[in-house]
Each structure stands twice: as structure tokens, then as C-alpha cells.
Amino acid sequence: MDCTLRDGGYYNDWDFSHVLMQRYLDAVAAAGVNIVEMGFRFVKTGGFKGPCAFTTDNFLRSVVIPKNLDVAVMLNAGDLFLGKGVIETLEDLFTAPAAESPVDIVRFACHAREFRASLPAAAWLHERGYRVGFNIMQITGQTHEEIVALAAEAQKHPIEVLYFADSMGSMSPAQTTRIIGWIKEGWSGPVGVHTHDNMGLALSNTLAAIDAGATWVDSTVTGMGRGPGNARTEELALELAPARGGVVTELLDLVLQDFGPMKERYGWGTNPFYYLSGKHSIHPTYIQEMLADQRFNTSDMLSVLDHLRQAGGKKFDSSVLSNARTMGNGQHSAGTWKPEEIIAGRPVLILGNGRSVQKHQAEIERFVAKLKPVVLGLNAKDGINSDLIDMRIACHPMRLLADADLHALNDKPLITPVALLQDSVRDKLAEKPLLNYGLNAAPGQFEPHETDCIIPARLVAAYALAVAVAGRASHIYMAGFDGFTSADPRNHEMRDLLALCLAGDGIPPVTSITRTRYSILPTHSVYGLTR
């Protein structure tokens with residue numbers, strides 16, 4: 001089964017052109033595919049989605065289905081319980097019997113918790129001539145006993161194929177083989193597998209499933225599918241060609257001319273972030289969403305993944321990502337350390353993470369040797385000789401979570417709001433000298449105080465500026481605040497932050513000594529300052 005138009009729709013809102021769909025259908029038919037899953041039948045209609053989100057009979061009649069292809073559609077089992085009830089929902093979605101519909105097969109995407117309540121749908125569809133499959137998602141979250149019980153329950157109903165999905169892309173070929181064996185303990189019918197490519201094992205797991213007795217397997221052209229995607233149809237067709245035949249010339253042309261450029265545009269396929277999501281059983285949509293959001297840099301993504309690794313991320317929750325950038329806002333932390341104890345009227349250099357720090361490292365080090373500022377390194381990155389950094393500074397929970405081991409190994413004091421540290425971070429930093437400068441986050445406010453501050457969000461740049469101001473720095477120098485492109489939302493976020501901070505009372509002169517896109521920030525070349 002090829003499910004490109006269904007699974008790939010997560011990237012283009014199921015809005016494939018008719019020309020592309022026709023080329024695709026002809027190509028997969030020639031390559032030996034038996035079934036095409038043309039799309040979903042979603043119940044909810046909010047927000048624009050293309051035709052493959054609803055895959056109506058009228059739409060299916062508008063394309064020419066090659067005679068050797070059966071047509072499948074997928075229904076999320078959870079949609080059966082949105083209000084009307086199972087049978088009433090099916091009556092709305094399947095108004096004609098199979099003999100009068102282009103659809104041959106209905107496959108349900110079903111969590112284990114929904115499985116038993118969804119089974120009446122199988123009988124209703126079967127009575128109307130449809131072939132029925134169930135695809136149990138997140139199978140790795142089930143025990144041996146639970147899988148056998150689910151399979152035995154399926155045996156009692158008119159289900160043609162029992163599929164399982166490696167939803168997190170975390171399985172190995174050995175695990176795939178083992179789960180097929182467990183399913184067969186309670187189920188005597190055909191077994192199918194849907195693999196994800198987080199760890200680059202989708203094809204290997206699919207071939208292992210065939211060796212273990214699976215007779216239904218699916219894939220997508222170039223692996224196009226949610227998150228890292230799936231087993232690639234063109235590779236699976238080549239692997240199976242000796243046994244099953246098929247001509248892949250049209251399919252490979254389709255890859256080069258159509259799906260290859262789409263992949264460049266949308267960016268599906270595995271990468272180190274998807275690999276980590278598979279390794280730690282984290283829902284791949286977290287990665288897909290962060291990759292599409294320019295505000296998440298590499299460190300942010302690693303921080304979120306580390307948080308989800310510990311907190312659990314099998315179920316996607318969009319609020320986790322929105323909270324990731326504002327986590328801790330609204331929490332208050334009293335401090336005990338006074339920045340003035342160390343800064344006391346000296347200049348301060350705040351080292352950001354921009355590439356300009358490394359590019360001009362030697363000159364920045366000469367600047368430090370000449371002016372002898374108090375050097376604050378943001379988070380755990382060095383940029384210059386670590387011996388020249390006086391203190392580290394960090395305040396965001398997820399970044400602290402990701403960098404805790406690095407901070408523990410570093411002997412420099414860490415400025416941080418100690419009361420807001422998670423227990424796991426606090427444990428790792430038990431031997432670390434911590435300078436407890438308190439933090440309250442409140443939009444639109446920048447107020448440095450003697451032992452704590454109010455800043456607009458838990459962004460380390462704002463926290464570092466507050467420390468420098470509270471320490472009564474004679475001058476605040478900044479390096480590595482390169483900025484982003486004008487279209488990048490992070491650029492606007494930092495610009496607004498700097499505008500707020502620089503407008504406060506009692507702010508000493510602030511100067512960037514490396515190139516910056518933040519026009520509000522006065523700039524002088526580090527090379528001129530070291531003459």
C-alpha cells in the first residue's frame with residue numbers, strides 16, 4: 001500500500017494538484033503497488049485542507065484510478081467519538097455502499113485505548129461491502145499481554161488486516177519481529193506494518209516485518225509523511241521487485257521531477273532531531289513544528305527534547321512548544337546575591353552565541369585583556385578562551401535542563417534564579433557555585449533591583465542586562481548579538497527586548513562590539529576599541 005497522499009498531506013494540507021496525483025497513480029501502479037491510500041476522511045472541517053483530507057467519492061471520481069489499484073481511505077478512530085456516535089458518524093462519511101463507491105478499503109488509525117469502542121465500525125462497513133483494516137498506533141507502549149488481548153479481540157470482528165504503527169520511529173527490526181509474533185498469538189489474519197524513519201530504520205523494519213510474516217506493508221514516495229516520514233516506496237519497490245515484479249522508471253522520474261523538489265521545500269526526512277525523538281519515544285510532530293518555527297534554534301530544540309525525554313512526550317501537545325519559550329513566566333524567585341559585589345562599577349562584557357564571537361575571537365580576547373571587563377558568558381557556550389569568562393549566566397528552565405551537565409563540569413560560578421531550578425537540575429549542580437539572582441517575568445517590564453529583577457520574559461539576554469545594570473556597570477559591552485533576518489520573528493523579539501531594556505532609568509552606556517542587525521544597539525568595532 002502506498003499512502004503518500006494521506007501521510008504526505010501533513011506537509012501541504014493534503015492539497016496535491018490533480019496533475020501530480022495522476023502522475024503519481026500511474027507511477028505507483030507500474031511499480032507494483034496494490035493499494036493507494038488516497039487520503040483521510042476527516043470529520044472536522046475547520047481551516048483549509050485540500051481534497052485528500054476528505055477524500056470524498058466525488059473527488060475520487062475526478063481522477064483516473066489504474067485498474068490494478070484498489071483505493072483506501074483512512075479514518076481516525078477518535079473522530080468516531082466527537083459527538084454523533086460511531087454509526088451516525090459513519091453514515092455521514094460513507095453515504096453509499098462499497099459497490100457504488102470508488103473506495104474499496106477503510107483503514108482506521110486507532111490508539112489502543114480506542115480500539116474496543118471502535119470495533120462496531122468494522123461490522124457496519126463490512127455489511128456495506130467495504131474491506132476494513134485497523135492500524136494500532138504507538139504499539140511500543142503496549143505490553144505483550146495487552147497486544148495479544150487486542151489481537152484476540154480483533155479476531156472476533158470482520159477485519160481484513162490488523163496493522164500496527166511504529167509511531168515514534170523507535171523500533172528495531174528485532175522489536176518489529178517480536179511484535180508480529182505477539183499479534184499472531186491472538187490473530188490469525190493478515191498482519192500489516194507502518195514504519196517511521198526517525199532512526200533511519202523504516203525500510204529495515206519493513207523488510208524484517210515481511211520476513212516475520214507480515215503480508216501488508218505501506219510506504220510513501222520519498223518517505224513523504226508526518227515528521228521524518230516513512231519507508232520510501234521507491235526503495236521498497238526496488239527491494240521487492242525480484243519477487244513481485246514492477247517497473248520503477250516512472251516512479252523514479254516522479255521522485256526526481258516532483259517529490260524531490262517538494263522534499264527540498266518542506267523538509268521531511270530523518271535528521272539528528274528525529275533520531276533523538278525516536279530514541280526517546282517522543283512524538284515526531286514536536287520536531288516537525290520546531291523545524292518550521294524559526295524561533296527555535298538548535299539549543300532550543302535540544303532543550304525541548306531533553307525536557308520531553310524526562311517528562312514524557314509520546315502524545316503531541318502544542319502547548320508544550322508555546323510554553324517552551326515562556327516557561328517560568330509568572331513564577332517569582334527571590335534572590336540573595338548582589339551583582340554589585342563583583343561588578344561594582346566595572347565594565348561588563350556580555351558574550352552572546354552569534355558566529356561573530358568565533359570570527360573575531362582573537363580581537364575580543366585582546367579587548368578583555370585591555371579593558372578588563374567582567375565577562376558574562378550566556379548559557380554554557382564558550383566562544384572565547386574559557387579562562388577569560390568570569391561567570392556563566394542562565395535562566396531558562398529548558399536550557400538549564402539541557403546544559404546542566406556542562407555547567408556541572410565548569411568551575412565558573414553560575415548566575416541563576418536558584419529557586420526556579422528543577423529538582424533534576426539542582427541535583428546536578430549541587431557542587432556548583434551558584435549566584436542566586438532572583439527573577440520575576442512580566443511582559444513589558446525591565447526593572448533591575450539589588451538582588452532580583454523583573455524582565456519581560458525568561459530570556460537570558462534580558463537577565464544578563466539586568467545583572468549588569470544591578471551591578472552598576474560603568475559600561476555594558478555586547479558581543480555575539482548578531483541578530484537574524486528581518487523576516488525571522490526572533491529578530492523582532494530581541495529588538496523589542498533591547499528597546500525596552502535600553503529605555504530604562506539608570507542604564508549605563510550599552511555598546512555592541514561586533515556586527516549586529518539590531519539597529520537600536522549602538523555599535524563600535526572591537527578592532528577600534530583595542531587600538
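Screening the candidates Leu439, Leu420, Leu429 for the property of being touching a Cys at 6+ places or on another chain (Cβ under 7 Å), in contact (Cβ under 8 Å) with a residue 24 or more places away in the chain and closer than 18 Å to Trp337 by Cβ yields one hit, Leu439.
Report, by residue number, each residue of segment 371-395 that is part of a loop (DSSP other than H, G, I, E, B) and at negative phi. Of everything in segment 371-395, those that are part of a loop (DSSP other than H, G, I, E, B) and at negative phi turn out to be Pro373, Ala380, Lys381, Asp382, Ile384, Asn385, Ile389, Asp390, Ala394, Cys395.
Just checking, does segment 152-160 include any residue being within 21 Å of Val36 (Cβ to Cβ) and either surrounded by 20 or more Cβ atoms within 10 Å (Cβ to Cβ) or at pLDDT 95 or above (or both)? Looking through segment 152-160, at least one residue is within 21 Å of Val36 (Cβ to Cβ) and either surrounded by 20 or more Cβ atoms within 10 Å (Cβ to Cβ) or at pLDDT 95 or above (or both). Residues that are closer than 23 Å to Arg472 by Cα, outside any loop (DSSP other than H, G, I, E, B) and not small (Gly, Ala, Ser) were ranked within segment 506-531; the one that is most open to solvent (accessible area, probe 1.4 Å) is Thr523. Can you tell me which residues in segment 19-41 are in contact with a Pro (Cβ under 9 Å, 6 or more places away or on another chain) and farther than 24 Å from Phe108 by Cβ? Matches in segment 19-41: Asp26, Ala29, Ala30.
Every residue in segment 482-496 that is open to solvent by 20 Å² or more (accessible area, probe 1.4 Å) and out of contact with any Ser or Thr (no Cβ under 7 Å at 6 or more places or on another chain), please. The answer is Phe484, Thr485, Ser486, Ala487, Pro489, Arg490, His492, Glu493, Met494, Arg495, Asp496. Listed by first and then second residue, the pairs with beta-carbon distance under 7 Å, at least 6 apart or on different chains, first residue in segment 88-115 and in contact (Cβ under 8 Å) with a residue 12 or more places away in the chain, second open to solvent by less than 10 Å² (accessible area, probe 1.4 Å) and among the acidic types (Asp, Glu), are Arg107/Glu37. Of Ala499, Ala503, Ala479, which residue is of a type in the set (A, V, I, L, M), out of contact with any His (no Cβ under 6 Å at 6 or more places or on another chain) and either open to solvent by less than 20 Å² (accessible area, probe 1.4 Å) or at pLDDT 95 or above (or both)? The unique qualifying residue is Ala479. Among the residues of segment 238-257, not a single one is under 22 Å from the mean Cα position of the chain (by Cα) and assigned to a helix (DSSP H, G or I).
Within segment 277-301, take every residue that is more than 21 Å from Tyr11 (Cβ to Cβ) and modelled with pLDDT of 80 or more and give me the one that is surrounded by the most Cβ atoms within 10 Å (Cβ to Cβ). Selected residue: Ser281. As a summary of the residue check, Arg107 satisfies the conditions (1) crowded, with 18+ Cβ neighbours inside 10 Å; (2) over 13 Å from Phe134 (Cα atoms); (3) of a type in the set (Lys, Arg) except for the one numbered (2).
When the criteria are applied in full, Ile87 meets the requirement of being open to solvent by 10 Å² or more (accessible area, probe 1.4 Å) and farther than 30 Å from Arg244 by Cα. Just so you know, in segment 1-18 the residues that are assigned to a loop (DSSP other than H, G, I, E, B) and closer than 18 Å to Val33 by Cβ include one that is most open to solvent (accessible area, probe 1.4 Å), and it is Met1. Condition check: part of a helix (DSSP H, G or I), open to solvent by less than 40 Å² (accessible area, probe 1.4 Å) and either among the basic types (Lys, Arg) or farther than 25 Å from Pro509 by Cα (or both). Does Val368 satisfy that? No. Look at segment 63-75: where a residue is open to solvent by less than 20 Å² (accessible area, probe 1.4 Å) and a partner is part of a loop (DSSP other than H, G, I, E, B) and acidic (Asp, Glu), sitting 6+ places away or on another chain with Cβ atoms under 8 Å, you get Val71/Asp104; Ala72/Asp104.
Name the residues in segment 442-472 that are under 19 Å from Arg399 (Cα atoms), open to solvent by 10 Å² or more (accessible area, probe 1.4 Å) and not in a loop (DSSP other than H, G, I, E, B), would you? If the condition is that a residue be under 19 Å from Arg399 (Cα atoms), open to solvent by 10 Å² or more (accessible area, probe 1.4 Å) and not in a loop (DSSP other than H, G, I, E, B), then Val460 is the only one that fits. Against the conditions (1) modelled with pLDDT of 95 or more; (2) open to solvent by less than 30 Å² (accessible area, probe 1.4 Å); (3) within 15 Å of Asp197 (Cα to Cα), Pro228 satisfies every one except (1). Looking across segment 19-40, the residues that are open to solvent by 10 Å² or more (accessible area, probe 1.4 Å) and in a loop (DSSP other than H, G, I, E, B) come down to Gly32, Val33, Asn34. Look at (1) at pLDDT 95 or above; (2) among the small types (Gly, Ala, Ser); (3) under 21 Å from the mean Cα position of the chain (by Cα); (4) surrounded by fewer than 24 Cβ atoms within 10 Å (Cβ to Cβ) and you find that Ala212 fails only one, number (3).
For the condition modelled with pLDDT under 95, at positive phi and of a type in the set (Gly, Ala, Ser), Gly352 does not qualify.
Selection of segment 411-426 for residues being open to solvent by 40 Å² or more (accessible area, probe 1.4 Å), within 32 Å of the chain's Cα centre (by Cα) and farther than 20 Å from Leu302 by Cα yields only Ala419.
The values are calculated or read from the model by the stated rules, or taken from the named source; none is laboratory data. In this text the structure is predicted, and so the values were computed from the model without any measurement. Cβ: placed from backbone, ideal geometry, glycine included. Neighbour counts: every protein chain shown. Each accessible area value is taken on the protein alone, full model and side chains, heavy atoms only, with ligands, DNA and RNA left out. Shrake-Rupley method; radii C 1.70, N 1.55, O 1.52, S 1.80 Å.
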